[in-house]
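The values are calculated or read from the model by the stated rules, or taken from the named source; none is laboratory data. All values derive from a computational prediction rather than experimental measurement. Cβ placement follows ideal geometry from the backbone for every residue including glycine, while neighbour counts extend to all protein chains displayed. Note: areas computed on protein heavy atoms with side chains; ligands, DNA, RNA excluded. Shrake-Rupley method; radii C 1.70, N 1.55, O 1.52, S 1.80 Å.
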Amino acid sequence: MDLQFSTEQNLFRDTVERFIREDYTFDIRSRIIANDEPYDDMWRKIAELGWFALPFPESLGGLDGTAIDLNIVAEGIGRGLVIDPVLPTILAGLLVSRLGTEQQKEIVIPPLIEGNLKLALALSEPGNRYDLNAITTTATHSADGWIIDGHKALVPGANNADRLLIPARTESGEIGVFLIKPGIAGLTIRPLGLHDSTTAADVILEQVALPDDALLGAEQNARSALEWVFDLGIAAATGEALGAMDSLSKMTLAFLKERKQFGRPLSENQALQHRMVDLTIAVEEARSSALSAALQVTVPDYATRARALSLAKIEINRTARTVGQEAVQLHGAMGMTEELPIGHYFKRLTAISGLFGTSNWHVHRITRIDAASRDQGKK
Amino acid sequence: MMKLELTTDEQIFADEVRDFVARNLPADIAEKVRRGAILGRDDHMRWQQILASCNWHAFSWPKEHGGPGWSVTQRYLFENICGEMDCPLIQPFGPRMAGPVIFSFGTEDQKARFLPGIRESTDWWCQGYSEPHAGSDLATLSTRAEDDGEHYIINGQKIWTSYAHYANWMFCLVRTSNEDRPQKGITFLLIDMSTPGVRVDPIVGMDGRHSFNSVFFDDVRVPKENRIGEEGKGWTYAKFLLEHERIDNAALGVTKQALERVRQMASVPIDSATPLIEDPIFSSRLIAIEAQFASLEMTALRVLSAVNSGESPGPASSLLKIRGTEIAQQISELALEIAGQYAQVRPSMNGTYDCAPSGPEQTEMAMTNYLWKRAMSIYGGSNEVQKNIISKRILEM
Ligand SMILES: Cc1cc2nc3c(=O)[nH]c(=O)nc-3n(C[C@H](O)[C@H](O)[C@H](O)COP(=O)(O)OP(=O)(O)OC[C@H]3O[C@@H](n4cnc5c(N)ncnc54)[C@H](O)[C@@H]3O)c2cc1C
């Protein structure tokens, strides 16, 4: 066992942190949100840093990085409250590299790595919550190819995506994932305004006609690949949440030391000192959960992996709630404003708690996994 | 003798309230409240004036000041029924805050000038206490009032003033002296918001709403006849008010309704699984909150009953404020749990979406409410300050 970052990883962390500190300041972010800053420039800068190349194999122009490396990026994204859909694009790319044919990978991955192709993956529908098997979008096969009908909800990054990945149920009852170019007849993209200022859209598909080779890897049983990508999503979310919590906790400490009431800094009240200690403990717990998620997301066995990832997500949701709520509370009314970063961190942390499964949902997932393994034991 | 059952008279009263609300609450307003949407000034004023038509706007006032003179039980019933039937919350700044200070400490002339506008809800009041450097430590406020014969001349800044942009009057704490303890140089003034030199700047909340403001005073002339009580005694009046405000801040009628809403929300299935209400993990959280709420409600009735028999609410009001706000916040968290990822979509400021919502209808306001409810443990004297009051005043620690 070794839980230390390597020298390269430490260097990489420094570059990620420097980029966030210098090139993705809260000011710049606010300008991106207000549309005053060209969005594509930032995307290209991020590509130049190699973030998109990180998790992909060298054969496709990637850097062959590990899940730990990806979490270093995710942590930076959380720290900087990066609203560009970097992680959703990477997750979607990883699904293509797992399911796609060589030709599909060639079309998608190298331009993605260079920052020239944005991908969006649709995991939600208006009625499926987190159940990947409850997908109602359908794919019907005909002589000319596929016809897709359905409604995808809250697809991160779909507003600006160059390609969409749409899971749909085929007539065999299995789920296939379709690669779709926006602009095609029958496809509507309805942008949403989100609390945390990230971008997402609903995607409505009405009789969208696709050629045969739009189906990723000609694979009609993509369920376990989707479950894998969902767990990768959890791992990325834990990293992002950690970055946000760490920044938020530091800002809160600085505020308590600076803000004076009753003739002394707030930090001199023992009641608040203890609250700040609890925040710090929560951040360390989050750090461990994020690490645990990154180390176990590569485990091939579904039950082992999913169980570990569910535990990590439950912990991240708990700590994100504590750190977010306490940071707002300790900032007083200032914490309630749109002007300060505090509220923005709080909103992103709240959103992350609702992404890739709430705690209640994960308790059920663990219960299901445990019940299945007890059943197996009996046999 | 102690008992929970309503008397026949109380039952008749409850029926009368239900009947009035059923006949008079405008459907569009009830619909907004039901959806948890954001109400505008007109929505509030329209409903409050309907209530005022039978003198129910200032429903907590005694008869001698023109109120209905209701008992504690009647007030409790009224608030609960209004909550149940999707009435907007009566804005507290006039009837719950400015009014009681004016009728307790104001002159006959002030009562005649200001009470009718509050009772009839033709004026909108705002509360000018907090300043950038005086939050929890309110007594260090520094907005200056200089004596200029018949007038005070006001200079300084208030912050976080809720609905100052709707208000035509502000009750305000200003500093008239720097000698002695900071509490002693504070004076309570009523300020006409249309006076030259008053400027209101919006502050946008993290939920995207504009509810609070900065209010700047630049040589604002306020006639001395707008001073409540004596110069330098403002702190006493403000403290009287804060204790009453805290009982109201427990907002029990609203919380009860929120609990009911979250139960309904959980009863509608979202995914293919059974509705969350049938999930023991979820419902144990819901019921634990309900249990805590039931006990809080009983505590509130105990306090109100004591107040009714002449005692001051005192530090018990702090207890109500702490638990009342915590419970309301927990309920909003349950709604988030139900809404899951669908909570992310942000409605626009007037409570409608810029776009159609993505998830099921009942999830639409979950995150806005959750974000907003965080403020409850900050305003009206933060929950930490309430704990300081209990430890100092009750426990003498
Ligand atoms: C939505 C909203 C509406 C409001 N509306 C109004 C209004 O209409 N009019 C008005 O005048 N004001 C209003 N306020 C302001 C409110 O009264 C103040 O926010 C409150 O008094 C706290 O002050 P502060 O925000 O400056 O926080 P601070 O006093 O700076 O406190 C920051 C944190 O430190 C804690 N703290 C401070 N001192 C201590 C201590 N001694 N021991 C332990 N903890 C401590 C606080 O509890 C808080 O958590 C509103 C606030 C909000 C959020």
Using a Gaussian network model of chain A with C-alpha springs under 10 Å, which one of A:169, A:275, A:307 is most mobile by mean-square fluctuation? A:275
In a Gaussian network model of chain A with springs linking alpha carbons closer than 10 Å, the residue among A:231, A:301, A:278 that fluctuates most is A:301
How big is the accessible area of residue B:321 in square angstrom, nearest 10, if you roll a 1.4 angstrom probe over the protein chains? 0 Å²
In square angstrom, what is the accessible area per residue of region A:133-213 with a 1.4 angstrom probe? 38 Å²
Among B:336, B:6, A:180 - extreme Cα towards positive end, dipole of the protein assembly as shown, charges at beta-carbon: B:6
Hey, got the average number of other protein chain Cβ atoms within 10 angstrom for residues in A:264-274? 1
In the neighborhood of residue A:303, defined by Cβ-to-Cβ distances under 13 Å, what is the net charge if each Lys or Arg adds +1 and each Asp or Glu adds -1? 0
Which of B:127, B:151, B:162 sits farthest toward the positive end of the charge dipole of region B:123-167, with +1 on the Cβ of Lys and Arg and -1 on the Cβ of Asp and Glu? B:162
Size of the dipole of region A:117-253 about the Cα centre, Lys and Arg at +1 and Asp and Glu at -1 on the beta carbon, nothing else charged, in debye to 20? 380 debye
Inter-centroid distance (Cα atoms) of region A:97-169 relative to region B:137-170, Å: 58 Å
Going by amide H atoms built from the backbone, whose H comes under 5 Å of the H on residue A:162, apart from near neighbours? A:118, A:119
Shape of region A:144-243, Cα gyration tensor, a/c cut at 1.5: oblate
Amide H within-cut-off set for residue B:206, under 5 Å, with H built and near neighbours excluded: A:337, A:338
Could you pull out every whole DSSP H run in chain B that spans at least 15 Å of Cα extent along its own axis and averages 0.5 or higher on the Kyte-Doolittle scale? B:280-308
Answer rounded, prolate or oblate for region B:178-324, using the Cα gyration tensor with square roots of eigenvalues a ≥ b ≥ c: rounded when a/c is under 1.5, else prolate when a/b is larger than b/c, else oblate. oblate
Where the only charges are on Cβ atoms (+1 Lys, Arg; -1 Asp, Glu), what is the dipole of the protein assembly as shown about its Cα centre, to the nearest 20 debye? 1600 debye
Give the relative contact order (percent, whole number) for region A:1-132; include only Cα pairs under 8 Å separated by 6+ residues. 24 percent
Projected onto the charge dipole of region A:233-379 (unit charges on the beta-carbon of Lys, Arg, Asp and Glu, signs +1, +1, -1, -1), the Cα from A:363, A:294, A:334 with the largest positive-side position is that of A:363
Relative to the longest principal Cα axis of chain A, at what angle does helix A:7-23 sit, 0 to 90 degrees, rounded to 10? 80 degrees
Collect residues whose amide H, placed 1.01 Å from N in the peptide plane, falls under 5 Å from the amide H of residue B:270; neighbours closer than 5 in sequence don't count. B:276
In region A:162-203, which residues become less accessible by 10 Å² or more once every protein chain is in place, relative to the chain on its own, using a 1.4 Å probe? A:190, A:191, A:192, A:193, A:194, A:195, A:202
Classified through the alpha carbon gyration tensor (a ≥ b ≥ c as square roots of its eigenvalues; rounded if a/c is under 1.5, else prolate when a/b is larger than b/c, else oblate), the protein assembly as shown comes out prolate
So how tilted is helix A:67-79 from the main axis of chain A? Cα-based, degrees 0 to 90, rounded to 10. 60 degrees
Using a 10 Å cut-off on Cβ to Cβ distances, tally the other chain neighbours for every residue of A:349-362 and report the average as a whole number. 4
With every protein chain left in place, what is the accessible area of residue B:162 in Å² (1.4 Å probe, nearest 10)? 40 Å²
Long pairs among A:118/A:181; B:239/B:321; B:239/B:387; A:257/B:387; B:111/B:158; A:313/A:347, criterion Cα-Cα beyond 19 Å: A:257/B:387; B:111/B:158
